[in-house]
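See below for the structure under consideration.
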Amino acid sequence: MDILTLGPESARLAVLFGTGAGGDPRRYLPLLERLSAAGCRVIAPHFEQFRVPGEPSGAELLARPLGLVDALARHADPGAEVVAIGHSIGAWATLCLAGAVSPGPGGTPLPTPREPRIRRAVLYTPAAGWFTAPGALDELTIPLLVYAGGRDTVTPPEQALHLRAAPADVEVRVLPEAGHFTFMHDPPPGLAEEPPHVREQLLDGIVEATVRFTTTP
């Protein structure tokens, strides 16, 4: 598995980044570079795209949190605190690592790993519709900064707002002009949902808030 790493290996704060379904962390590179410049060790695995878009298998789903845990173990200082950031299905994987329980395609809970070092998380348009079963969010207790796009038809804002049911400090920010792919600095061709200058303006605010939330002691 290809893993993008930035920043000092000995950093006391590691950022574990989970990409959306496209799987390429370089689409978020300006954000990751800002986090590195703030002194973080950034660890962002590259994942294969799902074979059937929108219908991942259990194995494809499990590959995301398992790959994140493996990348963290290989590329972060063992004593580092960890902040996780995820977009879409990457945000789903982040929630699993933080204690949320997700069913697989057949309805049986997936045996996703936990990562106890994660002390807070930032989620962009999270695929939180997987966490609607009773008790699914009961063990999710870390502070969350959650972004949703008012124009998002892939993971609508209602999914992000559902996370307020967790016994955690959850701040949800709904950006009326944003869509699902707004959170990428380099969205796939044909998937940009707003003019470039609008996306750049939105991203400026998202990046600033993300870096501030990530690096706050």
So which residues in region 12-30 are at pLDDT 95 or above, surrounded by 19 or more Cβ atoms within 10 Å (Cβ to Cβ) and either among the small types (Gly, Ala, Ser) or assigned to a loop (DSSP other than H, G, I, E, B) (or both), if there are any at all? Ala14, Gly18, Thr19
Matching residues, region 156-167, being under 16 Å from Ala91 (Cα atoms) and either of a type outside the set (S, T, N, Q) or open to solvent by less than 10 Å² (accessible area, probe 1.4 Å) (or both): Pro156, Pro157, Glu158, Ala160, Leu161, His162, Leu163, Arg164, Ala166
Do any residues in region 179-202 that are more than 18 Å from Gln49 (Cβ to Cβ) have Cβ atoms under 6 Å from those of residues that are open to solvent by less than 70 Å² (accessible area, probe 1.4 Å) and modelled with pLDDT under 90, where the two are at least six apart or on different chains, and which pairs are they? Gly179/Glu193
Picked from region 31-44 (must be outside any helix (DSSP H, G or I) and in contact with a Phe, Trp or Tyr (Cβ under 8 Å, 6 or more places away or on another chain)), the residue farthest from Pro111 (Cα to Cα) is Val42
Out of Arg151, Arg199, Arg173, I need the residue that is closer than 20 Å to Val83 by Cβ and either open to solvent by less than 30 Å² (accessible area, probe 1.4 Å) or more than 14 Å from the chain's Cα centre (by Cα) (or both). Which one? Arg173
Answer yes or no: is there a residue in region 89-105 that is of a type outside the set (A, V, I, L, M, F, W, C), within 14 Å of the chain's Cα centre (by Cα) and either open to solvent by 10 Å² or more (accessible area, probe 1.4 Å) or over 22 Å from Leu16 (Cα atoms) (or both). no
Could you list, ordered by first residue, the pairs with Cβ atoms under 7 Å in which the first is in region 9-29 and under 22 Å from Leu62 (Cα atoms) and without any contact (Cβ under 8 Å) to a residue 40 or more places away in the chain and the second is part of a loop (DSSP other than H, G, I, E, B) and open to solvent by 10 Å² or more (accessible area, probe 1.4 Å), at least 6 apart or interchain? Gly23/His46; Gly23/Phe47; Gly23/Glu48; Gly23/Gln49; Asp24/His46; Pro25/His46
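Would you mind finding the one in Thr112, Thr125, Thr94, Thr141 that is at pLDDT 95 or above, under 17 Å from Arg64 (Cβ atoms), of a type in the set (S, T, N, Q) and out of contact with any Leu (no Cβ under 9 Å at 6 or more places or on another chain)?
Testing whether each residue is at pLDDT 95 or above, under 17 Å from Arg64 (Cβ atoms), of a type in the set (S, T, N, Q) and out of contact with any Leu (no Cβ under 9 Å at 6 or more places or on another chain) leaves just Thr125.
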Those residues that are among the basic types (Lys, Arg) and within 29 Å of Arg119 (Cβ to Cβ), I need them from region 169-217; list them, please. Arg173, Arg212
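The values are calculated or read from the model by the stated rules, or taken from the named source; none is laboratory data. Only a predicted model underlies this, so the values are computations on that prediction, with no experimental measurement involved. Note that each Cβ is placed from the backbone with ideal geometry, even for glycine, and that neighbours are counted across all protein chains shown. Heads up: the accessible areas ignore ligands, DNA and RNA and are worked out on the full protein's heavy atoms, side chains in. Shrake-Rupley method; radii C 1.70, N 1.55, O 1.52, S 1.80 Å.
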